[in-house]
Amino acid sequence: MFTLPISARVGVALLLLALAQAAVAEADDDLAALLAQPVHGGSRLATASKVEQDAAEAPSLVYVRTGGEIRAQGYRTLAEVLESMPGIHLRQDRSYTYTGVRGIERPGDYSSRVLLLLDGVRLNDAIYDSATAGNEFPVDVELIDRVEFIPGPGSALYGSNALLGVVNVITRSPSQRPGTALGLDLGSLGRRKLSATWGGDLGGARVLLGAWSLRSDGHASLYYPAYDAPSTHNGLAIGHDGERSDKVYAKARWGEFGLAAFVSDRRKQDPTGGFGVIFNTRSDTVDRSAMADLSWGHRLDAAQELYARLGVSGYTYLGYGLYGDPAMPVPAQTRSHARWLSGELRYVWSGWRGHRVLLGAEFQDNWHEQLYSADLDPAPQVYTDRRFASSRLALFVNDEWELQRSLRLNLGLRLDRHLDGGSSATPRVAALWSPAPQWTLKLQGGRAFREPNASESEYSDSSQAAGGTLKSESLHSLELATLWRPSAQFDASLSVYRLQLNDIIDFIDLPSGQQTYANSGRARTQGLELEATWQCSERLRLRGSWARQHADDALSGQPLSDAPRSVAKLMLTANGPWPGTTAGLNLVRLGERRSVAGTRVPPYLRANAQLAYAPAGERWSIAVGLYNLADAHYDDPAGPEHRQDTLPQDGRQWRLQFGWSF
């Protein structure tokens, strides 16, 4: 059984005490510095090709959100950051937040069609392959330097799960967060959060430490019409919406070596009655994760680079609920554990004129995996008790070939040996043409895949049958993108794409009344994405995007569930009218969707805003944020595990942040 090596709550307390003695901190990120940069500058990107390059040189479009924008907008979770990206929408069921890309977000999927990286290291767990972006994400948004999102197939470099896109969260370096910073965060629904970070020199290494502890009471009561009967408490779930989350993170750099580690523990109550739980009774989910990763990078000469990393990770899921007759409830528990070792070796060579060649190998050894589910009383009944191991191995190559100064080819191929012993080859071909300095056109075609995860294949209980032998999902993609940079104050991108997803693994109903995972068919999605960023002045930046997408079942032609036809976003980031003030405003407009049952889910418009004050020369700061500013009433589609067809989302909320630095 995987258990946390230390209690995250104890870690928060210890770190708060230790940091009280730390040295004087420099000022936090200054929004003025962000607004002084070109809208397409500030950092070189490393996700699209696993080597640093300008966004114009990447084989596909790359959407970036910087730490300055994230903090100015008051985003609370990685999911909220991702929601600001073109073509991404979220679904929330009061347990988890799910990420949809280009109209694809399937029921029963835990965002496993998106690959999530932390500083380039894979985070998707070894049981559900989930890309968790809510409060269960192991690093607080406070420590994010930037988030890079590469839409489209990424398996040619990253393998399984890089089906619809790759998200890389790059954390801040110790030099970006020197000294000690303490934070207090209060908000609606009984939200309270403590945070502490410290950056400095320790034993010759540059070190960054962080700890966070979040508590939320949630809604005192929630009403669900689907349960509006005397036998189910007239549809009212009372006091079953609380959440707690504790995290500790460490990062160190000395010479050519780097070390990163985290421990995360999150518990969430579920008030919805999902998976057949007796409504208005205790139902909890617990997600625990830990990782330690050692990396090394070395430049052999001007034309050669080496990179290697080795890491160990662990994940535990615990679920508890009451089932059966409310007069004689049966407690049941689900446990999932995984521990795995992973590593990667990369060699970059640019000694051949006009070429930059990347050669790499990676492995993941899931040396302990366990799925367990059982009724606990009155007599224990075990449905699943599977212990097993699996591994994957891959070789990949990528060549950036400069035919002319204005014309490039990007050729990639990856060979994977899958968890089930099978194998696959995933290619990617991209052509980049710059007819003028301010224009870049990108044509990309490729293939991607997602292996069935352990939960889909092996898990069963009283309400769910094991999926058994499942095929890998595969995706074929063709995309044409244009990047326009007429000045340092403006840039825009336009992408037109077509995707076909085969052998989709869906969570379906069985005649027996149970549910299971099965390869259910094919889907097509086609659409366009437009994003523009305008530096209006030294005080104001606007960013907007609009996506039009059609995601349909390939056989019936009907729209997929939870597939909005349009997604629009607007983000305003500004220095306020008074010295030391910053303001952020963001709007999301999501088009009409369909529920799993095929009913209409209306569109909505939601706005969030934050105003912050950090006086020059002072060591304190304050920020107030309002979320769902106009108190819009809207629903998200529910999954097939729910009796409800849709689930109402939160109304207006507030948050007050205090910060101190030493």
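Just order 473-479, 376-382 by mean Cβ neighbour count inside 10 Å, highest at the front, would you?
Working: 473-479: 20.4, 376-382: 10.4.
Sorting 473-479, 376-382 by mean packing, highest first, produces 473-479, 376-382.
Between Trp349 and Val382, what length in nm is gained on full extension when 0.36 nm per residue of separation is reduced by their alpha carbon distance? Could the numbers behind the result be given before it?
Details: separation 33, 0.36 × 33 = 11.88 nm, distance 5.44 nm.
Answer, rounded to one decimal: 6.4 nm.
Any idea how far apart Arg643 and Ser175 come out in nm if each label point goes 7 Å out from Cα toward Cβ?
Once both label points are built, they end up 5.9 nm from each other.
Just the Kirkwood number for segment 264-351, please: inverse of mean 1/r across all distinct Cα pairs, in Å, one decimal.
When all Cα pairs of segment 264-351 are included, the Kirkwood radius is 16.7 Å.
Positive end of the dipole of the chain, charges at C-beta (+1 Lys, Arg; -1 Asp, Glu), about the Cα centre: which of Leu656, Pro178, Met291 has its Cα farthest in that direction?
Pro178
Please give the Cα centre distance for segment 583-600 versus segment 329-360, rounded to the nearest Å.
A separation of 33 Å, based on Cα centres.
Rounded, prolate or oblate: pick one for segment 121-271, where a ≥ b ≥ c are the square roots of the eigenvalues of its C-alpha gyration tensor, a/c under 1.5 means rounded, and failing that, prolate if a/b is larger than b/c, else oblate. Mind showing how you got there, number by number?
Numbers: a/c = 3.18, a/b = 1.53, b/c = 2.07.
Oblate shape, in that a/c is at least 1.5 and b/c is the bigger or equal ratio.
So what is the relative contact order for the chain, in percent, with contacts set as C-alpha pairs under 8 Å and at least six apart? Provide the component values of the computation, followed by the final result.
On the way: 1917 pairs, mean separation 85.4, N = 662.
Relative contact order of the chain: 13 percent.
Mind listing the Cα extents of segment 36-152 along all three principal axes, in Å, largest one first?
So the extents along the principal axes, rounded to whole Å, are 41, 30, 25.
Can you give me the distance in nm between label points at Arg600 and Glu402, each placed 7 Å from the Cα along the Cα-to-Cβ direction?
According to this spin-label approximation, the distance is 5.5 nm.
Report the net charge of residues surrounding Arg485, where surrounding means a beta-carbon distance below 13 angstrom and charges are Lys +1, Arg +1, Asp -1, Glu -1. Intermediate results must be reported in sequence, preceding the final value.
Working: positive: none; negative: Asp54, Glu57, Asp491, Glu531.
Within the 13 Å Cβ shell, the charges total -4.
Taking 25 °C and 0.890 mPa s as the conditions, I'd like the Stokes-Einstein D for segment 499-602 in µm²/s, using the Kirkwood hydrodynamic radius from alpha carbon pairs. Before the final figure, lay out each step's value.
On the way: Rh = 16.9 Å.
Rounded to a whole number, D works out at 145 µm²/s.
Please report, for the Cα atoms of segment 145-226, the Rg to one decimal and the Dmax as a whole number; what are they, in angstrom?
According to the Cα coordinates of segment 145-226, Rg and Dmax are 19.5, 61 Å.
So between Phe662 and Leu300, what do we pick up on full extension, going 0.36 nm a residue minus the alpha carbon distance? Present the calculation step by step, with values, prior to reporting the outcome.
Numbers: separation 362, 0.36 × 362 = 130.32 nm, distance 4.02 nm.
Computed gain between Phe662 and Leu300 is 126.3 nm.
In segment 202-270, which trypsin sites (Lys or Arg not before Pro) fall in coil by DSSP and have 10 or fewer other Cβ atoms within 10 Å? Let's see the in-between values first.
Details: sites: Arg206, Arg215, Arg244, Lys247, Lys251, Arg253, Arg266, Arg267, Lys268; in loops: none.
Filter output for segment 202-270: empty list.
Quick one: if the Förster radius is 45 Å, what FRET efficiency do Leu259 and Leu540 give, using the C-beta to C-beta distance and rounding to 0.05? List each step's numbers first, then the result.
On the way: r = 40 Å, r/R0 = 0.89.
Efficiency for this residue pair is about 0.65.
Answer rounded, prolate or oblate for the chain, using the Cα gyration tensor with square roots of eigenvalues a ≥ b ≥ c: rounded when a/c is under 1.5, else prolate when a/b is larger than b/c, else oblate. Don't skip to the answer; put the middle values down first.
On the way: a/c = 1.35, a/b = 1.17, b/c = 1.15.
Rounded.
For Gly321, what charge total do you get from the other residues with a beta carbon under 11 Å from its beta carbon, if Lys and Arg give +1 and Asp and Glu give -1? Please list the in-between numbers first.
Details: positive: Arg282; negative: Asp270, Asp284, Asp375, Asp461.
Surrounding charge for Gly321 is -3.
To the nearest 20 Debye, how big is the dipole of the chain about its Cα centre, given +1 on the beta carbon of each Lys and Arg and -1 on that of each Asp and Glu? Mind dumping the intermediate values first?
Working: 67 positive and 73 negative charges, 244 e Å.
Roughly 1180 debye for the chain.
Count charges around Ala156 for me, please; just the other residues with Cβ under 12 Å from its Cβ, Lys/Arg as +1, Asp/Glu as -1.
Details: positive: Lys50, Arg414, Arg428, Arg447; negative: Asp399, Asp416.
Local charge sum for Ala156: +2.
Subtract the Cα-Cα distance of Asn502 and Gln514 from 0.36 nm times their separation in residues, and report this length gain in nm to one decimal.
Numbers: separation 12, 0.36 × 12 = 4.32 nm, distance 2.45 nm.
So the chain would gain 1.9 nm between Asn502 and Gln514.
Please report how far the C-alpha centroid of segment 403-455 lies from that of segment 137-156, rounded to the nearest whole angstrom.
Centre-to-centre (Cα) distance: 19 Å.
Distance between Cα centroids, segment 458-532 to segment 160-217: provide it in whole Å.
Centre-to-centre distance over Cα atoms comes out at 31 Å.
In nanometres, what is the gap between the two model label sites at Leu236 and Thr482, each 7 Å from Cα along Cα-to-Cβ?
Rounded to a tenth, the inter-label distance reads 5.8 nm.
Each reported figure results from applying straightforward, stated rules to the coordinates on display, with no laboratory input. The model shown is predicted, which means the values in this text are computed figures rather than measured ones. Positions of Cβ are backbone-derived with ideal geometry, glycine not excepted, and every protein chain shown enters the neighbour counts.
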